[in-house]
Amino acid sequence: MLVALGVLRRCSTNVVPAVSCLLSRQKHTLPDLPYDYGALQPHISAEVMQLHHSKHHATYVNNLNIAEEKYAEALSKGDVTAQIALQPALKFNGGGHINHTIFWTNLSPNGGGEPEGELMDAIKRDFGSFEKFKEKITAVSVGVQGSGWGWLGFSKDYNRLQVVSCSNQDPLHGTTGLIPLLGIDVWEHAYYLQYKNVRPDYLKAVWNVINWENVTERYRAARK
Ligand SMILES: *[C@@H]1O[C@H](CO)[C@@H](O)[C@H](O)[C@H]1NC(C)=O
Ligand SMILES: *[C@@H]1O[C@H](CO)[C@@H](O)[C@H](O)[C@H]1NC(C)=O
Ligand SMILES: [Fe+2]
């Protein structure tokens, strides 16, 4: 009923509510964290987590909903210019929402250590050793100019793991064809309050809270 009301309210300005209008009414919501804001301390402070989740991620979600609403309107009016103009906002906020949703589940208060089983085997196969993998993704993440992400992704085409960094606004899958397994947020909002401008210290600490079970789960799903 609530959904139906939403549909009516938001589409009522259109003379003929288009199918696209009805279909795009599913609003995105901020996912709850699977742990408390303070659960990752001392490695990531409660203050950082709260700001990051309740302000930054929430803003991506809100702006994605706004952009989608405008897009639906542009579609229903057949306004192609407006549709094109909305692409960057959809990409940026949609990418931010997807990235952070993955990132939260990649972390855990019971995380750290090393992966096991099939993921560890693949890491050894594709990087030589776990240490070498860590060095590589750390180097790539430290090296991101300005805001961005370091990723461990899986290439289905080549059946191999790959480490990449992204500082542009394209989602990982769109630009590289990689399925994201582990993302490390190196935007300043992810560490500045605690580590100031020393990104390498944050990157050292984050290994203590990586949820390898989740990364392994994603690896398994990616190979199906
Ligand atoms: C999301 O991740 C992709 C891949 O790393 C990156 O290109 C993009 O800038 C990220 N978006 C945001 C808003 O963090
Ligand atoms: C872990 O990753 C999967 C994706 O494979 C996701 O659906 C799941 O919710 C995550 N679980 C947690 C809490 O780590
Ligand atoms: Fe972030």
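Observations
- Residue-span extension gain [K132 to E116] - 0.36 nm each, minus C-alpha spacing: 4.2 nm
- For the chain, no complete DSSP H run has alpha carbons reaching 20 Å or more along its own long axis together with a mean Kyte-Doolittle score of 1.6 or higher.
- Between A222 and V80, the simple label model (points 7 Å from Cα in the Cβ direction) yields a spacing of 3.7 nm.
- Distance (nanometres) between label positions extended 7 Å along Cα→Cβ at Y192 and S155: 3.5 nm
- Whichever lysines have a C-alpha closer than 19 Å to that of K134, once near sequence neighbours (fewer than 8 apart) are set aside: K124, K204
- Each residue, A39 and K124, gets one label point 7 Å from its Cα in the Cβ direction; the gap between the two is 3.1 nm.
- Highest mean first, the peptides 210-219, 120-129 sorted by other C-beta atoms within 10 Å per residue fall in the order 210-219, 120-129.
- Using a Förster distance of 22 Å, the FRET efficiency for T59-D32 (Cβ separation, nearest 0.05): 0.85
Every read-out reported here was derived from the displayed coordinates using simple, explicitly stated rules and does not represent laboratory data. The structure displayed is predicted, hence computed values, not measured ones. Glycine also receives a Cβ, built like all others from the backbone with ideal geometry; neighbour counts cover every protein chain displayed.
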